[in-house]
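Before any comments, here is the structure.
The values are calculated or read from the model by the stated rules, or taken from the named source; none is laboratory data. Just so it is clear, the structure is predicted and the values come from calculations on it, not from any experiment. Cβ: placed from backbone, ideal geometry, glycine included. Neighbour counts: every protein chain shown.
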């Protein structure tokens with residue numbers, strides 16, 4: 001068996017006589033330090049090439065082992081976090097809700113307002129919501145609070161019927177205080193006073209809503225009073241008689257009150 005050492009150092013390629021048997025150059029230094037593992041290979045008669053191959057294989061195995069240990073520890077931590085949330089029976093990810101505005105449908109001058117929300121809590125602070133709405137309105141939505149709001153002379157010569165499905169993002173800001181960003185496209189139809197459709201249009205309705213979340217009955221029900229800032233940058237194909245009323249007002253409405261409620265499961 002060949003036990004001779006190489007004539008040159010494996011690291012710096014200088015002669016063995018200059019750097020020492022199996023010398024390894026130290027980073028940032030000009031001197032060399034004998035590598036005890038290579039000396040031991042000579043003492044036990046292990047061929048140097050075989051030793052070098054095994055040594056680097058062991059280094060690779062050590063790195064792989066450390067990586068696997070990190071993956072295992074991370075998996076254990078994530079599993080423990082998920083298990084702790086599952087054990088919390090009061091945390092319910094799904095919810096279905098609506099608006100108390102639907103109670104106005106019981107009045108004589110009904111707005112035919114209907115709303116259905118389906119939401120999912122991604123985390124304890126973030127939720128996504130799909131919202132379906134339909135209602136009709138008799139006057140421009142941009143009329144602010146004041147004497148003009150609800151005045152008969154401000155109404156369209158007919159009414160607008162809108163239907164849309166949109167997506168909302170809800171974020172808990174501080175304790176139970178939350179914000180919701182709403183994006184909802186509406187397909188609208190313009191109807192005359194005889195309830196005959198004149199033509200169709202489109203409206204993009206945006207809203208920023210601030211409110212407070214109230215849990216009821218062991219987190220099975222919820223109540224959310226809020227206030228909204230509404231804006232519709234796109235509103236198309238209005239009949240001339242409707243546009244004459246609409247153009248008198250802004251395309252936004254501030255401080256719209258809201259009160260949603262629903263169940264969690």
* Asked: With the stretch 162-249 as the region, which strands (runs of 3 or more DSSP E) entirely inside it contain at least 2 residues that are more than 25 Å from residue 100 (Cα to Cα) and either over 24 Å from the mean Cα position of the chain (by Cα) or outside the structural domain of residue 120 (by TED's automatic domain parsing) (or both)?
  -> 177-192, 197-212, 221-235
* Asked: On the given criteria, is residue 209 in contact with a strand residue (DSSP E or B) (Cβ under 6 Å, 6 or more places away or on another chain), over 23 Å from residue 155 (Cα atoms) and at pLDDT below 95?
  -> no
* Asked: Quick check, is residue 98 assigned by TED's automatic domain parsing to the domain that holds residue 150 and part of a strand (DSSP E or B)?
  -> yes
* Within the stretch 180-192, can one find any residue that is over 13 Å from residue 242 (Cα atoms) and out of contact with any strand residue (DSSP E or B) (no Cβ under 6 Å at 6 or more places or on another chain)? -> no
* Of all residues making up the stretch 240-255, the number that are farther than 12 Å from residue 155 by Cα and free of Cβ contacts under 8 Å to residues at least 40 places away in the same chain -> 2
* **Subset of the stretch 86-123 that is within 26 Å of residue 186 (Cβ to Cβ) and in contact with a helix residue (DSSP H, G or I) (Cβ under 8 Å, 6 or more places away or on another chain) - its residue that is modelled with the lowest pLDDT** => 110
